[in-house]
Amino acid sequence: MSSNANTPASERRTVLLPANSGIAEGPALKQELLGLLESDALVVVDVSDIQRVDTVTLQLLFAFRRDRTAKGRATAFSGDSGAWQRACTILNLHVDSLTHS
């Protein structure tokens, strides 16, 4: 996971995913991501605190990155957690495929 080190902090927006990133948190995460969809700033999604993650969160993140990429906007992922790695491994997702800088 990486972020663009050349982007000034003032041009970054960070989304800190909660420890429990499950279906109950999905609507709030969706609203937060929708609010950042049109931002020209680099959006960095921090997965450091995740202790539990489900497919709802992963689907939202993939759709968010896909939509931002289609509009020429950068999204990056930072941090790490065992739960994040396990979820990506189980679903055969490569973290690099989530990263765009």
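Just so it is clear, none of the values below were taken in a lab; they were calculated from the coordinates. It should be emphasised that the depicted structure is a prediction, and the values quoted were computed from it without experimental measurement. Don't worry about glycine lacking a Cβ; one is built from the backbone with ideal geometry, like all the others, and counts go over all protein chains shown.
Overview of values
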| quantity | calculated |
| --- | --- |
| Sequence of Val15, Val45 once ranked by neighbouring C-beta atoms within 10 Å, starting from the fewest | Val15, Val45 |
| Inter-label distance for Glu38 and Thr89, nm, one decimal - labels placed 7 Å from Cα along Cα-to-Cβ | 4.2 nm |
| Relative contact order for the range 11-98, counting Cα pairs under 8 Å that sit 6 or more residues apart, in percent | 34 percent |
| Paramagnetic label zone (point 7 Å from Cα along Cα-to-C-beta, Ile23; backbone N under 15 Å) in the range 45-73 | 53-60 |
